[in-house]
Amino acid sequence: MNKLNPTPDYTSLGDNYQLVLPMEYEFPIDKDDPVRLLCHIIGGLNLKTLRDSYKRIGENSVQPWQMLAILLEARFLNVSGTRSIEDMCKNDIRFLYILRGKKAPDHSTLARFQKEHLGASVIEDIFQTFLKLLKASGAITEETVFIDGTKIESVASKTQYVWKKNVLRNRQTCLEKAATVFDRCEEKLSISIKHGKNIRLRELKKLRRKLRQKQRSEKIVFVHGAGKRKTELQRIFEQLDEIVSKLKRYTWQMHFLGGRNSMAKTDIDATYMRVKEDNRKNGQLKAAYNVQYCVDSEFIVGVDIFQNPADVNTLIPTLERMEERGLHYENVVADAGYDGEENSAYLEAHGQKAFIQPSNYEMRKTKRWKSDIGRRENMTYLPDEDAYLCSQGRKIKAVGTSTRTNKQGTYTAKLTRYACESCKDCPCKTKCIHGNHSNLPMEERDKHFEVSKKFQQYREEQTKRVDSKEGRELMKNRGIQAEGVFSSVKSAMKFRRFLTKGIENVRIEAILYAMAHDILKLHFKIQKTKRYVLKGGFRNRLFPCTLFRNETRNSRITASKTDCSREPLPVDN
């Protein structure tokens, strides 16, 4: 029996076998492998902002474009952890092809590259440069954009959360206790501090300093432990110290909550939302981000991250970010979650046609909706009198106007109030008047409601667009474009949870997955649909020559005979 050699050099154990590899390891890689297209595109992009993030780059070290290509290739293969990527760089031939003989980076280098060098501005600039390449090659049409959102879970803990209502309630309790402390100090210790009705934190700190001065002047020793009796000064000081620390924590939490109702303690930028991946099937809230994707010709052309779960507040910032990238679309297609007066007014002001399904579009087709006599839509409108005629022939006239501003304070809607002169002795009152928002009994209540005429006009126009032939085709195509992207990113690439914390780091992850999806989609279109023709070579060693040209639909599309297996090596910019 052989004895085990305790040395860390395992070659001393014998039975060594020398692995034989070909001189050029790119030959085992298929000619149509997407890693070749990846190196051709990323190596040819202008990555000046990425290179400027380095102080110096060694000649023998892995170049920035190679690090970026490694992260994108990992998304191709459903590998997200940096330790798994490090292992792939050492053993997978596709990653060896990207490295070009350079030493494989370790997991800490990969994580540091993504966090420090791919900052929010750097990854945005790279993504914008990549979109310009797609636009110049004809891959995207810049005519119609499909917008949709999804909730992706954060890496934050599921049990350590902060609710705004609890913070406000606990803060009020602390302030009530602080008022009793002021009274005790004045009664027991003859120490008084002037304060208003609402006690502020600086007043509590001032009282604590006075208590500390009294302790030092009277040489009172604070005691701790069992069997030791505390003085009245020590009890008040410890209670005050606890109140101050809690108020500091509540003030800090309110600052980071902002307009949100909840946040995670381990990822303060994440908000608790309802996600589709509910393992317990009980509607449990999870810390997540609202990821918005803009799709054009099956390519992701816009990525944005939001902390609020509602999609209606995300449309305008998403379109503005696309405008910054140099993309302006004539048609905007979205589902009912984006229906809002502010969104419609914004699209009209920017000359864009909105194909947004009204939120009550499907409900209006139901029998229950049509038979509800209390709904304004089922009443007869009298334009000359600006009044509605109910089912009993009574007029509901305009009695005044009011304004309503959204929570963000960015838009103010003008509302017209309508009220019936008298609903007394009406036999249909219980069927017409809904809700229990009034304290008056049903016998004394009259029918009234508010209407935004501008929003009503927008909805009528959008309904006509959606019901038109073009609108039906676009709404049907929305399920293919937007939902198809989510299927590719979330199911095929296994992107169901972020691995980093903070909204800026999360944005980097989302854009990396978007670029990986676009390059893979480009690869599949070249190999299967043959809609794009590959033009090889680099021009002036800075930017690739026209890579892809979109041929006309009526002409016969033929694939390029260029041998992709021998493309030139990417050049660092």
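The values are calculated or read from the model by the stated rules, or taken from the named source; none is laboratory data. As the structure is a computational prediction, the values presented were derived from the model and not from experiment. Please note: Cβ atoms are built from the backbone with ideal geometry, for glycine as well, and neighbour counts cover all protein chains shown. The protein model used for the area step is the full one, side chains on, heavy atoms only, and it has no ligands, DNA or RNA in it. Shrake-Rupley method; radii C 1.70, N 1.55, O 1.52, S 1.80 Å.
A few notes on this one:
- Every pair of residues 6+ apart whose Cβ atoms lie under 6 Å, when the first sits in region 497-525 and is more than 18 Å from Phe113 (Cβ to Cβ) while the second is modelled with pLDDT under 95 and part of a loop (DSSP other than H, G, I, E, B): Ile503/Asp269; Lys521/Glu298; Lys525/Arg531
- Where Thr49 falls short, out of the listed (1) modelled with pLDDT of 90 or more; (2) among the hydroxyl-bearing types (Ser, Thr, Tyr); (3) open to solvent by 100 Å² or more (accessible area, probe 1.4 Å): (3)
- Cross-chain or 6+ apart pairs with Cβ under 9 Å, region 445-474 first and over 15 Å from Ala336 (Cβ atoms) and open to solvent by less than 50 Å² (accessible area, probe 1.4 Å), then assigned to a strand (DSSP E or B) and of a type in the set (A, V, I, L, M): Lys447/Ile396; Lys447/Ala419; Phe449/Ile396; Phe449/Ala419; Val451/Ala398; Val451/Leu415; Ser452/Ala413; Ser452/Leu415
- Any hit, region 342-355, residues being closer than 30 Å to Leu520 by Cα and aliphatic (A, V, I, L, M): yes
- Checklist (1) at pLDDT 90 or above; (2) open to solvent by less than 90 Å² (accessible area, probe 1.4 Å); (3) over 28 Å from Ala413 (Cα atoms) applied to Arg497, failing item: (2)
- Residue in region 454-465 that is under 30 Å from Glu153 (Cα atoms) and out of contact with any Cys (no Cβ under 6 Å at 6 or more places or on another chain) present: no
- Selection count, region 74-98, where residues are farther than 19 Å from Thr129 by Cβ and either among the charged types (D, E, K, R) or over 32 Å from the mean Cα position of the chain (by Cα) (or both): 10
- Hits in region 204-223 (condition: out of contact with any helix residue (DSSP H, G or I) (no Cβ under 9 Å at 6 or more places or on another chain) and part of a loop (DSSP other than H, G, I, E, B)): Lys219
- One residue from Ala74, Ala111 being in a helix (DSSP H, G or I), closer than 26 Å to Lys501 by Cβ and open to solvent by 10 Å² or more (accessible area, probe 1.4 Å): Ala111
- Condition check for Gly58: in contact with a strand residue (DSSP E or B) (Cβ under 8 Å, 6 or more places away or on another chain), modelled with pLDDT under 90 and either part of a helix (DSSP H, G or I) or open to solvent by less than 30 Å² (accessible area, probe 1.4 Å) (or both): no
- Taken over region 396-431, the criterion of being exposed (fewer than 14 other Cβ atoms within 10 Å of the Cβ), more than 19 Å from Glu444 (Cβ to Cβ) and among the small types (Gly, Ala, Ser) is satisfied by Gly400, Ser402, Gly409.
- Considering region 85-108, and only residues there that are free of Cβ contacts under 8 Å to residues at least 12 places away in the same chain and loosely packed, with under 14 Cβ neighbours inside 10 Å, the residue that is nearest to Met67 (Cα to Cα) turns out to be Gly101.
- Scanning region 171-203 for residues that are assigned to a helix (DSSP H, G or I), over 19 Å from Tyr250 (Cβ atoms) and out of contact with any Asp or Glu (no Cβ under 9 Å at 6 or more places or on another chain) yields a count of 4.
- Qualifying residue in region 15-37 (condition: within 29 Å of the chain's Cα centre (by Cα), among the charged types (D, E, K, R) and at pLDDT 60 or above): no
- Meets criteria (in contact (Cβ under 8 Å) with a residue 60 or more places away in the chain and either among the β-branched types (Val, Ile, Thr) or surrounded by fewer than 19 Cβ atoms within 10 Å (Cβ to Cβ) (or both)) for Gly484: yes
- Filter result (in contact (Cβ under 8 Å) with a residue 60 or more places away in the chain and under 16 Å from Cys432 (Cα atoms)) within region 329-388: Gly374, Arg376
- Within region 373-390, tally of residues that are of a type outside the set (Lys, Arg), open to solvent by less than 70 Å² (accessible area, probe 1.4 Å) and out of contact with any helix residue (DSSP H, G or I) (no Cβ under 6 Å at 6 or more places or on another chain): 8
- Residue satisfying condition, being open to solvent by less than 60 Å² (accessible area, probe 1.4 Å), over 21 Å from Leu247 (Cα atoms) and either over 54 Å from the mean Cα position of the chain (by Cα) or of a type outside the set (Lys, Arg) (or both), within set Leu207, Leu201, Leu189: Leu189
- Annotation: of all residues in region 258-285 being among the charged types (D, E, K, R) and modelled with pLDDT of 90 or more, the one that is surrounded by the most Cβ atoms within 10 Å (Cβ to Cβ) is Asp267.
- From Val162, Val167, residue being in contact with a Ser or Thr (Cβ under 7 Å, 6 or more places away or on another chain), touching a residue at least 40 places away in the same chain (Cβ under 8 Å), open to solvent by less than 70 Å² (accessible area, probe 1.4 Å) and over 30 Å from Gln352 (Cα atoms): Val162
- Within this structure, Arg507 fails the test of being more than 26 Å from Leu47 (Cβ to Cβ), within 17 Å of the chain's Cα centre (by Cα) and either modelled with pLDDT of 50 or more or open to solvent by less than 70 Å² (accessible area, probe 1.4 Å) (or both).
- Among the conditions (1) out of contact with any Lys or Arg (no Cβ under 8 Å at 6 or more places or on another chain); (2) at pLDDT 90 or above; (3) in a helix (DSSP H, G or I), the only one that Leu512 does not satisfy is (1).
- Residue that is most open to solvent (accessible area, probe 1.4 Å) [pool: residues in region 312-335 that are part of a helix (DSSP H, G or I) and in contact with a strand residue (DSSP E or B) (Cβ under 6 Å, 6 or more places away or on another chain)]: Arg321
- Which numbered condition Leu240 misses (of (1) under 30 Å from Ile305 (Cα atoms); (2) in a helix (DSSP H, G or I)): (1)
- Pairing residues of region 127-156 that are within 21 Å of Asn308 (Cβ to Cβ) and open to solvent by 10 Å² or more (accessible area, probe 1.4 Å) with residues that are part of a strand (DSSP E or B) and of a type in the set (D, E, K, R), at Cβ distances under 6 Å and at least 6 apart in sequence or on separate chains, gives Glu153/Lys286; Glu153/Arg497.
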